[in-house]
Amino acid sequence: MNWREIYNQKICSIEELLKGIKSGSVITTAVIPMTPQTFFANLHRVPEDVRDLQVFTILNPNTYEFFFNKENEGRFMNNCWFYGRGDRAAVESGLKTVSYVPNNSHQAIADLVNSRNIDYYVGTASPMDEHGYLTLSCSAFIEKDLIRAAKKVVLEVNPAAPRTFGDAPIHISEIDHLIEVNHDIPKETIIPPTEVEEKMGAFVAELIEDGSTIQMGIGGVPYAVSKFLLDKKDLGVHTEMLTEAMYELYQAGVITNRKKTLYPGKFICAFVFGTQKLYDFVNNNPSVFVMSGSFTNDPYVLGKNSKMISLNAALMVDLTGQVCSEAIGTRHYSGTGGQLDTHRGAVQSSINGLGGKGIIALRSTAKDGAVSKIVPVLPLGSPITVPRQDVDYVVSEYGIAHLRGRTAAERTRAMIAIAHPDHREELKKEARSMGLI
C-alpha cells in the first residue's frame, strides 16, 4: 500500500475545508498545545450564511475572531471544558460567545457524545512515518476519544509537533482531511515560584515519600515542590499534564518510574505542556506514553498506583473543607479539569492500602493579605470543585491540615490553624456563630 499517495489525496486547503462546514455543526478540537491554530485563525471565514456553529475547546491559548468579535454572536459558540486566557478575556469583555461545560475530565467525552452528535474533530499531528502513522503528539487527553466519535477527522500536520507513543499514534486511514502547516506550538511560560509558594512547596514535599507516583498540575506550587524533592528516591509519574518540573526531576535522577505499580518504567500522561526542552525530551521517546484522559484520570485506575500523590491548587477552601478551584463566586475562571478525578484517585490508593494522598494547595490570602482564602463559607454561586467528603490534605504556607475522616469541628480548627495569623480570630468568631466550634 502506498501510504504517501493516500496522504496526498487527503491534503486540502483551509478554504476548501471551511466551504464544507454547515450551519449547526458540532466541531470538537484539541487541547493546548495541540490547538489547531490555522483552523481557529480562519474559522470566522466560513460562508456568511453559516450560523450556530458549536465549537468545543479546552485550554484555548489565544483569542480568535470566531469568538472574540461581537458580530459573531449567534454564529459561533465557543464551549469550553476548561477556560484559557482567551476564553476569560471574551467573557470579561461581555461577549456572549463563550460558555463553560461542567465536567470531570475522565468522563467529559462520554458525556458529550451522549448529549449530541459530533460532526468534526480538528486537531494537530506530527508528520506521517513510512508505515502510514501520524501521532497526536502532545495530547491524547480528549483527542482519541473524539476521533472515534466524529463524522469527519481533520488534522493540521505540523513538523514542530513531537512524535509520541501510547494512545497518540493515528493511521492515515482514520483521517478524512489534512492541512499542512509549519509554526511553533504553544509553550508554557515558566514563572519562578514566589516565597509563599516555596513555603507551601516545603510542606507538600513532607507528604511525598520515596517511591511515590505523582500527579502535579501547572503553576508556581508544583515548581516550588520540585525544589524540595531533590533528596527523594524513585518517584514515578502518572499525571494529567507532564510538566517541565517533572522533566527536571527526571534529569536530577529523582524520577525513575521504577517503583510504579502501573506501567513501571513509563511516564504516563494525558498531555504535555512546557518549553521546547520538554518537547524535545518527549519526541520519539518510548518511555513517555501519552494516553487518553478516560484512562489516565479514571480514579479507579489512579487508585491502583502505590503511594499515588495528587497535587492541585485551589482558589478558596471553606472551614469544613469545601474546595473551589474554578471560579470566584459566579465569575468563572478555569474549570474542574482533572482535579476531582486525580484527588479521588489518590484517596482511592489510600483506601486500597497503597498509601496515596490527595493534596490541595492554596495561598492563605489574596490582595496583599487583605482577604483570607480560607473562608467560613464560599461566596454565593461558587462551584464546589472537590466536595468536603472527598478532601484529604489541605496545605497553605502556614502548614498542613489533614481533613479526611475528621469531624466538622476538627476540620474547622485544622483549617484555622493554617490560615494567615491576621485572619484567625475573625475565622474563629465566624465559626462559633455558625456552630462549627
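In the stretch 87-155, what GluC sites (Glu not before Pro) fall in a loop by DSSP, with at most 12 other Cβ atoms inside 10 Å? Walk me through the intermediate numbers first.
Details: sites: 92, 130, 143; in loops: 130.
Answer by residue number: 130.
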Requested in this report: Calculate, for residue 426 and residue 228, the FRET efficiency according to 1/(1 + (r/R0)^6) with r their C-beta to C-beta distance and R0 41 Å; round to the nearest 0.05.
Outcome: 0.85
Query raised in the report: Based on DSSP, what percent of beta bridges with both residues in the chain are antiparallel, to the nearest 5?
Result: 25
Query raised in the report: So how far apart, in nm, are the two label points at residue 277 and residue 6 if each is 7 Å from Cα heading toward Cβ?
Result: 4.0
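Of all the accessible heavy-atom surface of the stretch 85-177, with the other protein chains kept in place and a 1.4 Å probe, what percent is carbon and sulfur? Provide the component values of the computation, followed by the final result.
Values: 1650 of 3510 Å².
In the stretch 85-177, the share of accessible area belonging to carbon and sulfur is 47 percent.
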**Report entry** Distance in nm between pseudo-label sites at residue 16 and residue 380 (7 Å out along the Cβ direction from Cα)
**Finding:** 5.6
**Report entry** Residues whose placed amide H lies under 5 Å from that of residue 262, excluding near-sequence neighbours
**Finding:** 306
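Taking a quarter of the surface of the Cα convex hull of the stretch 117-236, what do you get in nm²?
On the way: hull surface 40.6 nm².
Result: 10.1 nm².
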Query raised in the report: Any idea what the relative contact order of the chain is, in percent, if you count C-alpha pairs under 8 Å spaced at least 6 apart?
Result: 13
Query - Per residue solvent-accessible surface (Å²) - the chain, probe of 1.4 Å - result: 40
Query - For q = 0.10 Å⁻¹, Debye-computed log10 I/I(0) when each Cα of the stretch 321-437 counts as one equal scatterer - result: -0.30
Report task. Extending each Cα 7 Å along its Cβ direction at residue 23 and residue 41, get the distance between those two points in nm, one decimal. Result -> 3.0
Query raised in the report: Mind listing which chymotrypsin sites (Phe, Trp or Tyr not before Pro) in the stretch 1-60 are in a DSSP loop and have 14 or fewer other Cβ atoms within 10 Å?
Result: none
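Of all chymotrypsin sites (Phe, Trp or Tyr not before Pro) in the stretch 109-139, which ones are in loop regions per DSSP and have a Cβ with at most 16 other Cβ atoms within 10 Å? Before the final figure, lay out each step's value.
Details: sites: 120, 121, 133; in loops: none.
For chymotrypsin sites (Phe, Trp or Tyr not before Pro) across the stretch 109-139 that sit outside H, G, I, E and B with at most 16 neighbouring Cβ atoms in 10 Å, the list is empty.
Based on Cβ point charges of +1 for Lys and Arg and -1 for Asp and Glu, what charge dipole magnitude is obtained for the chain about its Cα centre, in debye rounded to the nearest 20?
Values: 44 positive and 49 negative charges, 218 e Å.
The calculated dipole for the chain is roughly 1040 debye.
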Report task. Just need log10 I(q)/I(0) for the chain at q = 0.06, 0.09, 0.11 Å⁻¹, Debye formula, equal scatterers on the alpha-carbon atoms, no solvent, rounded to two decimals. Result -> -0.26, -0.58, -0.85
Requested in this report: State the Cα centre-to-centre distance between the stretch 52-111 and the stretch 413-437 in whole Å.
Outcome: 38
Query raised in the report: In sequence order, what are the phi-derived ³J(HN,Hα) couplings for the stretch 305-310 according to the Karplus relation 6.51 cos²θ - 1.76 cosθ + 1.60 with θ = phi - 60°, rounded to whole Hz, with x for glycine and proline?
Result: 7, 5, 6, 5, 10, 10
Report task. Using a cut-off of under 13 Å, list every residue of the stretch 7-24 whose amide N is near the label point 7 Å from the Cα of residue 51 along the Cα-to-beta-carbon line. Result -> 23-24
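How large is the direction-averaged shadow of the alpha-carbon convex hull of the stretch 11-101, in nm²? If you can, show how the numbers build up before the last one.
Numbers: hull surface 21.4 nm².
It is 5.3 nm².
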Report task. Mind grabbing the base-10 log of I(q)/I(0) for the stretch 377-437 at q = 0.14, 0.30 Å⁻¹? Debye formula, identical points on the C-alpha positions, no solvent, two decimal places. Result -> -0.41, -1.30
Query raised in the report: Rg to Rh for the stretch 186-322: what is it, with Cα atoms only and Rh by Kirkwood?
Result: 0.95
Report task. Could you work out the Rg to Rh ratio of the stretch 75-165, with Rh taken as the Kirkwood radius (inverse of the mean 1/r over all Cα pairs)? Result -> 1.02
Query raised in the report: Are any of the pairs 199/233; 373/428; 10/151; 70/96; 96/152; 227/367 more than 18 Å apart by Cα-Cα distance, and if so, which?
Result: 199/233; 96/152; 227/367
Query raised in the report: Which percentage, to the nearest 5, of the DSSP beta bridges contained in the stretch 300-437 is antiparallel?
Result: 50
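What is the extension gain from residue 407 to residue 65, computed as 0.36 nm multiplied by their sequence separation minus the C-alpha to C-alpha distance, in nm to one decimal? Let's see the in-between values first.
Numbers: separation 342, 0.36 × 342 = 123.12 nm, distance 5.08 nm.
118.0 nm is the gain from fully extending residue 407 to residue 65.
The values are calculated or read from the model by the stated rules, or taken from the named source; none is laboratory data. The model shown is predicted, which means the values in this text are computed figures rather than measured ones. We place every Cβ from the backbone using ideal geometry, glycine too, and count neighbours over all the protein chains shown. Keep in mind that these areas ignore ligands, DNA and RNA; they rest on the heavy atoms of the full protein, side chains included. Shrake-Rupley method; radii C 1.70, N 1.55, O 1.52, S 1.80 Å.
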